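*Asks:* Okay, here's the structure, questions in a sec.
Each reported figure results from applying straightforward, stated rules to the coordinates on display, with no laboratory input. Only a predicted model underlies this, so the values are computations on that prediction, with no experimental measurement involved. Neighbour counts are summed over all protein chains in view; Cβ atoms, including those assigned to glycine, are modelled from backbone coordinates with ideal geometry.
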Amino acid sequence: MGDMDTFSPVVRSTNWPAVALSAAIPLIVAAGMVYAAVQPQWDEDTGDWAFALLALIPLEFVRALVMTILGDSFKHYRSPRHAVNYFLLSLGILAAMLLGFAAYMLGLHGFIETMTTPHTWALILPVAALIVADGMISLYFFRGDPRCQAARLEAAADDVGNLLGLALYPTPLILGAGYGLLFALKQSGHEFAAWLPDFSVEGLRAAALFYAACYFAAKAALVAYVNTAAFNRSGRRLLGGSWVGFVQMRKQEERIKDLREEQQRAAARRSALGLDDLRD
């Protein structure tokens, strides 16, 4: 996720190479989800797709945390070696916390049994290696303004975290309720709901894969946005408004607290982007 910024305090134009690189992987994943969803029939549907989609939830949560750590590494950037060491130390702390949480959830016996299974490491090691390599390369070969890059990564990580929260709640409930209402209207003979397909395992699988594809497409837009001229002019992230907490039906006190924290973060991002100096 390296940036091609110069050391100027404000980058006014959109960094198109960074936009393309940031959005590439989420868009590829989204395309793969769409391709799987439009397949007419699967030779053997064992339900593994459902477990795979569920496994994406903690993985995306970890990815958002890693993005935050990467931004923090740029914030404390002194030299490429120092930044890489800071990143690896932070990742080690995160890994220890995740392992402790897994041990708590599974119990000691279940945790040991799970961690001694080759299949577990076959899933963990490729993902972990990709995360570590991506972060190290981004830090070691970075040649821009680290404060600007830290601001962008922080905004992207916060937006992705909000997106994941919205994808889990309440969006699925709203879509499910909408389908139930339309299905009831179809059963009652209303013509405008006649297009609605009947419930089936194939339809549920396709809908779930399309939903996941929409999530990754939205994620691509969020991580690309922080490299655009619009973000460089304002320092504001796309999901930073109080409407997110309202949609998730959080308490007013929590929404006010989140809004104040976001205002403070936005002020720090504007300072890192040089917007305060620009106004002066």
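*Asks:* The chain: D in µm²/s via Stokes-Einstein (Kirkwood Rh, Cα pairs, 4 °C, 1.567 mPa s)?
*Replies:* 61
*Asks:* Can I ask one more? Hey, how many Å between the Cα centroid of the stretch 176-235 and the Cα centroid of the stretch 150-165?
*Replies:* 21
*Asks:* Taking the Cα centre of each part, how many Å lie between the stretch 35-94 and the stretch 100-139?
*Replies:* If you average the Cα positions of each part, the centres end up 12 Å apart.
*Asks:* Taking the Kirkwood radius as the inverse of the mean 1/r across Cα pairs, report the Rg/Rh of the stretch 134-183.
*Replies:* Taking Rg over the Kirkwood Rh, I get 1.34.
*Asks:* Using every Cα-Cα pair within the stretch 101-143, state what percent have a distance larger than 16 Å.
*Replies:* Of all Cα-Cα pairs in the stretch 101-143, 55 percent lie more than 16 Å apart.
*Asks:* I need the fraction of alpha carbon pairs in the stretch 28-136 separated by more than 22 Å, rounded to a whole percent.
*Replies:* Looking at the stretch 28-136, the distances longer than 22 Å represent 48 percent of pairs.
*Asks:* Anything in the chain that counts as a DSSP H helix reaching 27 Å or more along its axis (C-alpha) with Kyte-Doolittle mean of at least 1.6? List them, would you?
*Replies:* 16-38
*Asks:* Over the stretch 136-280, what portion of Cα pair distances is larger than 20 Å, expressed as a whole percent?
*Replies:* 62
*Asks:* Now, a different point. Listed highest first by mean packing, meaning other Cβ atoms within 10 Å per residue, what order do 165-174, 102-111 come in?
*Replies:* Averaged packing, sorted descending, gives the order 165-174, 102-111.
*Asks:* At 222 nm, what value in deg cm²/dmol follows for the chain if DSSP H runs of at least 4 each add -39500 (n - 2.57) and the sum is divided by all its residues, to the nearest 500?
*Replies:* Theoretical 222 nm ellipticity from helices: -26000 deg cm²/dmol.
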